[in-house]
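Single-structure report; data block below.
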Amino acid sequence: MTHRDRLQQAQQAVEKNAEAAAKGRHRQKYHFMPPSGWMNDPNGCIWFGGKYHLFYQHNPYAPHWGSMHWGHATSPDLLHWQHCPIALAPSETYDDHPEGGVFSGSAILTGEKLNVFYTATANHGQGFVQTQCLATSTDGGLHFTKYPGNPVIREVPPGVSPDFRDPKVLFHEGLWYMVVGASLGGGAWHGGEGCALLYQSRDLTHWEYCGILARSEGQFGSMWECPDLFPLGGKWVLTFSPMFHGRHRSMYFVGEMDFAQARFFPQHWGDLDHGAEYYALQSLQGENGRVSHIAWQNGWDWMEGWQDFGPTAKEGWCGCAALPRVLSLGSHGQILQAPVPEAASLRKQRVSRRDFTVQGQPTDLAMPDPCCYELELLINLEKTTAKRLHLDLRADETHRTRLTVNFAQKRLLFDRNQSDDHSSGLLECPLLLEGPLWRLQVFSDTSSVELFCDRGLTTMSNTIYPCHTEQKTFLSAEGGAVALEQYTAWALDSIW
Ligand code: FRU
């Protein structure tokens, strides 16, 4: 079958299943998700032709990972998305692995031409082969032609395992560069060393290997998936999603980049998120130069072995994008993240209260919507004497998702052991808790909760699957009083 036939077949499958998936009770209201089927990494994120383009890893045939295609959607504001026809399908001997296909990659523009680079996967009897390929579109990203000379990178460099994927292409001082995620030695599953490789090119089709840009050195996991390299606030930033690195799902290095030596010199590093579901993010530059990124609100360990891909798979879909975040650099070189300010356009009814104290007994926050909302708490730390503040979301007699600000130990906790019949576990991270006024922003959607605090230094993204009967939201304090300067809650509109 030709690429065109494959695309048509895939498109029909998505459309056929979309009506049933739309009825799913866990469908998100203001997060991007495919009409049906499976989604993982954001790919080819780019501002082009007056809109943002989001491509994404997509299995159009089932709500499970497999047979990867590139889905496509566009948006004027990174929030309201319009689905476009599927952009790339497995169709060639180099990208036709039935359990692989067209893996992650990135997009760049040359004039009016959109060039996307992706990892092709194949197995012709010698194991899983990953190569880097090019496809181009001259009609704004609607139709792509695969480059006849594919793969543009066929061999892994010496010492690199077959885990070799997720090309991110960028332009710097007259040359094209490609960063590729890889694993040195044994590979991702056998104790290899995660790293990012650098290539350079003058014409986007001939690529020369420059060397290992940065590596794990025993500290940051066995394989770096979806690496990204971009300038921010006078520094260079390298982000990646490490495999087998404990709870660390997405990390950053901030430092100096030496393109001539193919070396990144990290000065600061950290987690981009402390939740369980924030993975494989990709940056993009807006029209005005603003740098943001979009992540998959999930992780690869959600695949085989995790309750058959989780509760939404039973509804015919699985996976969504996290709320896009705007990035900036803090005064100590840390990455700060804020929800895209355009999210304020989703606000509907508002409830607000000033100057009140929470202690002991739970205070019922009269939320304008029990499920889809933005909540902002402004806490006066100087007047707060409590050891802990609990925010219980999506609560009824037997369920709740509990967020705890531990003032005494400066920690944030996210407990989903009682959230629903599927979720479990306690996520924790350190807090700065700098005062006098400390702000916590909570974005709740049907099946996710995202937190932003410490002026964007600390974030958490987690999924939960309550059933809509859990309608209450409570605040309570332990060991003293919490002085709330203000709380404001907005019901958020659906984008669909
Ligand atoms: C990350 C990842 C990538 C790969 C893609 C396959 O989630 O494993 O490394 O390209 O997903 O779907």
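Please work out which one of (1) in contact with a Ser or Thr (Cβ under 8 Å, 6 or more places away or on another chain); (2) modelled with pLDDT of 95 or more is the condition Ile108 fails and give its number.
So Ile108 meets the others, but not (1).
Would you list the strands (runs of 3 or more DSSP E) that sit entirely within the range 1-119 and hold 3 or more residues that are within 16 Å of the ligand (Cβ to nearest atom) and closer than 19 Å to Arg325 by Cα?
Qualifying strands (runs of 3 or more DSSP E): 37-48, 51-59.
With respect to the numbered conditions (1) in contact with a Gly (Cβ under 7 Å, 6 or more places away or on another chain); (2) within 16 Å of the ligand (Cβ to nearest atom); (3) under 16 Å from Ala260 (Cβ atoms), which one is the sole condition not fulfilled by Leu198?
Result: Leu198 fails condition (2) only.
For the range 259-280, what are the residues that are of a type in the set (Gly, Ala, Ser), closer than 18 Å to Leu170 by Cα and either touching a residue at least 40 places away in the same chain (Cβ under 8 Å) or buried (at least 22 other Cβ atoms within 10 Å of the Cβ) (or both)?
Answer for the range 259-280, where residues must be of a type in the set (Gly, Ala, Ser), closer than 18 Å to Leu170 by Cα and either touching a residue at least 40 places away in the same chain (Cβ under 8 Å) or buried (at least 22 other Cβ atoms within 10 Å of the Cβ) (or both): Ala262, Ala280.
Of the residues in the range 252-286, how many are within 14 Å of the ligand (Cβ to nearest atom) and either over 12 Å from the mean Cα position of the chain (by Cα) or part of a strand (DSSP E or B) (or both)?
Adding up the residues that qualify gives 4.
Kindly list, by first and then second residue, each pair from a residue in the range 156-175 that is on the phi < 0 side of the Ramachandran plot to a residue that is in a loop (DSSP other than H, G, I, E, B) and among the aliphatic types (A, V, I, L, M), limited to pairs with Cβ atoms under 8 Å and residues at least 6 apart or on different chains.
As it stands, the answer is Ser161/Ala188; Pro162/Val156; Asp163/Ala188; Phe164/Val156; Val169/Leu204, since those pairs meet every condition given.
What's the total number of residues in the range 214-251 that are of a type in the set (D, E, K, R), within 15 Å of the ligand (Cβ to nearest atom) and modelled with pLDDT of 95 or more?
2
Within the range 303-326, can you find the residues that are at pLDDT 95 or above and aromatic (Phe, Trp, Tyr)?
Trp317
Give the residue that is nearest to Leu393 (Cα to Cα), with candidates limited to residues of the range 447-483 that are touching a Lys or Arg at 6+ places or on another chain (Cβ under 6 Å) and assigned to a loop (DSSP other than H, G, I, E, B).
Looking at the filtered set, the residue picked out is Glu470.
Determine whether Arg394 is modelled with pLDDT of 95 or more, on the phi > 0 side of the Ramachandran plot, in a strand (DSSP E or B) and not polar (S, T, N, Q).
Taking the combined requirement at face value, the residue satisfies it.
Please specify each residue of the range 422-453 satisfying the condition of being out of contact with any strand residue (DSSP E or B) (no Cβ under 9 Å at 6 or more places or on another chain) and among the acidic types (Asp, Glu).
Glu434, the sole residue that qualifies.
Suppose we filter Ala196, Ala188, Ala182 for residues that are at pLDDT below 95, surrounded by 20 or more Cβ atoms within 10 Å (Cβ to Cβ) and of a type outside the set (Asp, Glu); which single one remains?
The unique qualifying residue is Ala188.
Among the listed residues Leu427, Leu431, Leu412, Leu377, identify the single one that is surrounded by fewer than 22 Cβ atoms within 10 Å (Cβ to Cβ) and farther than 24 Å from Cys318 by Cα.
Matching residue, one of Leu427, Leu431, Leu412, Leu377: Leu431.
Has the range 298-320 got any residue that is among the basic types (Lys, Arg), surrounded by 14 or more Cβ atoms within 10 Å (Cβ to Cβ) and not in a strand (DSSP E or B)? Walk me through it before giving the result.
Step one: list which residues in the range 298-320 are among the basic types (Lys, Arg), which gives 314.
Now narrow it down to the ones that are surrounded by 14 or more Cβ atoms within 10 Å (Cβ to Cβ): 314.
Right, trim to not in a strand (DSSP E or B) and you get 314.
Scanning the range 298-320 turns up at least one residue that is among the basic types (Lys, Arg), surrounded by 14 or more Cβ atoms within 10 Å (Cβ to Cβ) and not in a strand (DSSP E or B).
What pairs come up if the first residue lies in the range 434-453 and is modelled with pLDDT under 95, the second is part of a strand (DSSP E or B), and their beta carbons are under 8 Å apart, counting only those six or more places apart or on different chains?
Gly435/Asn380
The values are calculated or read from the model by the stated rules, or taken from the named source; none is laboratory data. Just so it is clear, the structure is predicted and the values come from calculations on it, not from any experiment. Neighbour counts run over all protein chains shown; Cβ positions are idealised from the backbone, glycine included.
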